[in-house]
Amino acid sequence: MKIKLAAHRCGTDQFPELTLDAARYSLAKGANSVEMDIRFTKDNIPVISHDKDGTKLFGSNKNVCDLVLDEFVKLRFIERPEYHPHTLEEVLSSGVAPILFHIKEGKVQLDIILQYIRRYGYEDKVIMGVQETEDVFRVKNFNPNIKVLAFMQRKDALDEFLKNGADIIRLWGDWANQEKVDYIHKKGREIWVMAGCPTKQTVGYTSDDDISKWKHMRVDGLIVNEIEKIKSLV
């Protein structure tokens, strides 16, 4: 079984995270998809941003939701000031695909994102990663053929995501065990593991031993950085 690789935040240190250049690089190096996070500006425009604020990447302590679009697109990466963060529309108009979108703000705002995806003809080029079980319904009611990945925030949400029709279950590495993998597979769904640990600030990174363990469990996908290295191991 070939393990699918999703490039976490576009998955490379060659370019700033969540940029189109990073996405193109990881796809060229063998990623099956690139992961991008979506938030909304103050004027309700979907933009690509993992963090709530711009402190780490842009040196701005303002929250994305407190910036209007013009302010957001004027931000520059501290380490690479020639790069700026993207809007969702900019990403979709680029043609970069496939993309795993991590929806940070769902419900009614998810409907806005789905309309953008339809407008740019991306319904067969995306996986919608949602954090709330009700958002599975929103995506499936919009287009039942769009794959939905459950970015579960709690272990005990698994059965509700399965019941609501999530196609892929994301597990943190320390949540994954053979019993749980077998259970999800018996339900006819895929299991993708998010490498690393948020409390240790290692999300996206992993070890050779962990890769071997997840291969043995027969997980279907990994969300990782260092695509070139991981591809050689899987």
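Every number here is computed from the coordinates shown, using simple stated rules; none is lab data. Quick caveat, the model's predicted, so the values are computed rather than measured. We place every Cβ from the backbone using ideal geometry, glycine too, and count neighbours over all the protein chains shown.
Once you reduce the stretch 207-234 and the stretch 47-63 to the center of their Cα atoms, the two points are 29 Å from each other. Note on LYS2: aspartates and glutamates with a C-alpha under 13 Å away, same-chain residues under 8 apart excluded, are GLU190, ASP220.
If R0 equals 22 Å, the separation of the Cβ atoms of GLU134 and ASP43 corresponds to a calculated FRET efficiency of about 0.30.
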